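Where a number appears in this text, it was derived from the coordinates with a stated rule and is not lab data. All of these numbers come straight from a predicted model, not from anything done at the bench. Virtual Cβ from ideal backbone geometry, glycine too; neighbours counted across all protein chains shown.
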Amino acid sequence: MNRLTWRKMVNAVMSSVTALCALIAVVPLLFVLGLLVVKGTSSLNWAFFTKLPVPVGETGGGIANAIVGSAELLLLAALFGVPLGVAGGIYLSEFGGWGVPFVVRYAADLLVTVPSIVIGIFAYAVVVLPVGHFSALAGGFALGVMLLPIVVTNTEQFLRTVPVWLREGSLALGAGHWKTTMSVVVPAAMQGILTGILLALARVAGETAPLIFTAFNNAYWNRGLNQPVSSLPYMIWIYGISAYDDWHRQAWAAALLLLGLVLVVNVLSRLVLARRMASRRIA
Amino acid sequence: MSATDAARLDVTQNLNPEKAQETAAVPEAGRNQPAVKIKARNVDFFYGPKQVLQGISADIRERRITALIGPSGCGKTTFLRTINRMYETVKNARADGELLLDSESIFDLALPHLRRRVGMVFQKPNPFPKSIFDNVAYGPRVHGLANGARLAELVEQSLRGAALWEEVKDSLHKSAFSLSGGQQQRLSIARALAIDPEVLLLDEPCSALDPISTAKIEELLFAIENRCTLVIVTHNMAQAARVADYTGFFLTGKLVEFNDTKTIFTNPSRKETEDYITGRFG
């Protein structure tokens with residue numbers, strides 16, 4: 001066998017092996033997705049999206065309260081996590097020297113890896129216990145705490161991609177550091193920052209553990225932010241471990257809905273990001 | 001004719017006859033010289049322990065174009081960035097010596113005030129992620145110079161001043177990124193002109209542009225010269241010969257020679273200058 005044939009053969013074998021590995025890596029995802037579609041689609045109907053749950057034994061009913069509840073929780077999480085996270089990211093990228101940013105960055109990296117159940121217990125201790133009952137606010141707070149380090153890290157990274165010569169353009173006109181940051185640097189990174197926020201929200205949307213001790217659950221419409229509220233992941237958990245076939249089917253459908261929403265947000269934000277990178281190259 | 005003479009002749013063909021007249025016979029101090037706008041005496045510059053400029057002394061004349069030439073890393077851009085204290089964005093950077101704008105020390109002026117008087121155009125066109133109008137209006141807004149109709153007028157004047165108005169007057173509210181590279185660079189100049197600076201520093205403003213855009217920028221410099229002192233760093237010696245009244249040659253952190261452009265290009269007093277200009281190195 002001559003050298004060239006040998007090299008061609010090695011090439012073919014190695015590319016097949018890596019392709020196989022890539023395939024194996026996506027099989028679980030495809031399997032989950034397929035299972036959800038098979039088991040969940042039959043329960044997806046108008047009532048599922050618009051009706052409240054019905055007692056066991058009755059047919060029909062939906063999980064409208066959980067859909068609205070999840071939206072409510074994510075909104076609260078965003079209200080808490082986004083302003084703090086973006087401000088923190090701006091500080092790290094634009095104003096930090098060496099000491100404090102190092103500690104904050106380290107803390108943010110650690111916070112991302114804290115098990116979500118621990119964050120739930122933390123929110124239980126600081127919000128639920130003093131108030132005395134579960135609430136949407138506590139759930140939103142827990143999700144917000146999860147959101148915070150992701151948004152901080154992401155904002156900092158996108159601000160750092162803003163080229164030096166853009167900052168200098170503003171400074172050279174006599175603008176101060178703060179003015180330059182707010183009028184030139186942040187707008188230049190805005191799309192990336194927003195995309196990061198959407199991805200972070202998509203990530204915490206499926207969290208169940210932080211809600212167990214905080215938002216808890218509610219079989220009816222949420223009647224105020226200081227009341228317990230239902231959510232999609234919690235609904236899936238409760239329905240999934242129940243003993244009733246009807247609830248199982250609804251859990252599958254809810255999981256399909258949640259995955260679909262997360263998928264849509266992911267794909268959309270990545271498209272936006274790809275377009276931004278392309279336009280940056282032309283500019 | 002030696003090879004050196006031939007090379008010299010080649011560059012001198014670029015010398016601008018009008019420019020040569022303006023500065024004719026000036027080496028002997030004083031005669032018909034415009035006032036000194038920027039006076040440097042023994043300016044040293046350090047990045048941490050590393051000295052990158054040594055004892056720079058020069059008189060930059062008012063409403064004239066001064067070119068700074070020299071090989072990469074010789075300190076010409078650093079000197080430029082000292083004049084508007086842009087170097088302060090770099091940690092551990094430090095300048096020493098006497099550097100006067102009119103008669104005030106540049107190091108004593110408040111930064112916004114200094115940069116209002118001394119504008120800068122960068123190597124890469126750097127439009128802000130805003131509309132064309134908002135790019136030009138940025139400086140006036142920062143300094144609270146104008147608003148409303150007066151601001152619109154100022155933006156128009158500045159764009160006319162940068163020979164860009166006719167091309168963008170119907171698309172003022174489009175993103176500045178929609179412009180071509182050459183247009184973006186003229187936008188950067190318009191943006192700098194909008195706060196009516198006394199001095200405009202240009203750091204290789206044409207190095208990212210094609211020859212046609214470069215020609216436009218050079219024409220523009222002649223037009224701006226009447227209102228503003230210009231200091232331009234360039235790698236292109238033909239450009240220095242074409243546009244500059246005065247030329248300074250930097251080498252390894254020193255200002256080797258500073259004189260009117262014609263003298264530098266036809267009768268340099270230092271061997272290093274001659275070697276660089278005739279293309280023996282650099």
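So here's what we get for this one:
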read-out: Extended-chain gain in nm, criterion 0.36 nm per residue less alpha-carbon gap, B:Lys91 and B:Ser207; value: 39.1 nm
read-out: Counted charge near B:Ala149, where neighbours are those whose Cβ lies closer than 15 Å (Asp, Glu -1; Lys, Arg +1); value: 0
read-out: Equivalent ellipsoid, the protein assembly as shown (semi-axes from 5 times Cα gyration tensor eigenvalues, Å); value: 63, 28, 22
read-out: Dipole moment magnitude, nearest 20 debye, segment B:3-277 about Cα centre, only Lys, Arg, Asp, Glu C-beta charged; value: 680 debye
read-out: Cα-based reach from B:Lys19 at 17 Å (exclusive), listing aspartates and glutamates while leaving out same-chain residues under 8 positions away; value: B:Glu62, B:Glu218, B:Glu219, B:Glu225, B:Asp245, B:Asp260
read-out: Of the chymotrypsin sites (Phe, Trp or Tyr not before Pro) in segment A:134-238, those whose Cβ has at most 14 other Cβ within 10 Å and which sit in DSSP loop; value: A:Tyr220, A:Trp221
read-out: Exercise: per-residue mean of other protein chain Cβ atoms within 10 Å, B:121-129; value: 6
read-out: Rounded to whole Hz, the Karplus (6.51, -1.76, 1.60) HN-Hα couplings of segment B:101-117, x for glycine and proline; value: 9, 6, 10, 9, 6, 4, 6, 9, 6, 5, 4, x, 5, 4, 6, 6, 7
read-out: Straight-distance crosslink candidates among lysines, where the alpha carbon sits under 19 Å from B:Lys91 and sequence neighbours closer than 8 are dropped; value: B:Lys50
read-out: GNM result for chain A, Cα springs below 10 Å: residue of A:Val145, A:Val127, A:Val82 fluctuating most strongly; value: A:Val127
read-out: Linear extension gain, B:Arg270 paired with B:Ala223, 0.36 nm per residue minus alpha-carbon span; value: 13.7 nm
read-out: Axial C-alpha extent at least 15 Å, average Kyte-Doolittle at least 0.5 - helices from chain A (DSSP); value: A:3-40, A:64-90, A:99-113, A:136-160, A:186-205, A:245-282
read-out: Flagged links, alpha-carbon separation over 20 Å, of A:Lys179/B:Lys39; A:Lys179/B:Lys169; B:Lys76/B:Lys124; value: A:Lys179/B:Lys39; A:Lys179/B:Lys169
read-out: Shape of segment B:143-282, Cα gyration tensor, a/c cut at 1.5; value: prolate
read-out: A:Val56 paired with A:Asn2, simple spin-label distance in nm, labels 7 Å along Cα-to-beta-carbon; value: 7.6 nm
read-out: Inter-probe distance in nm under a simple model that places probes 7 Å from Cα toward Cβ, at B:Ser103 and A:His248; value: 9.5 nm
read-out: For B:Leu53, residues with placed amide H under 5 Å, excluding near neighbours; value: B:Phe45
read-out: Value of [θ]222 nm, deg cm²/dmol, for chain A, DSSP H segments ≥ 4, -39500 (n - 2.57) each, nearest 500; value: -24000 deg cm²/dmol
read-out: Point-to-point label distance, A:Thr41-B:Phe177, nm (Cα→Cβ direction, 7 Å offset); value: 3.9 nm
read-out: Per-selection metrics, segment B:64-112 (Cα): Rg and Dmax in Å; value: 11.9, 33
read-out: Efficiency of FRET between A:Ala125 and A:Val262 - r from beta-carbon atoms, R0 35 angstrom, step 0.05; value: 0.75
read-out: Within 10 Å of each Cβ in A:184-191, the average number of Cβ atoms from other chains; value: 2
read-out: Cβ crowding within 10 Å averaged over residues, with B:181-194, B:127-140 ranked highest first; value: B:181-194, B:127-140
read-out: Net charge of Cβ neighbours under 13 Å - reference A:Gly57; Lys, Arg +1; Asp, Glu -1; value: -3
read-out: Per-residue mean of C-beta atoms belonging to partner chains within 10 Å, peptide A:163-170; value: 6
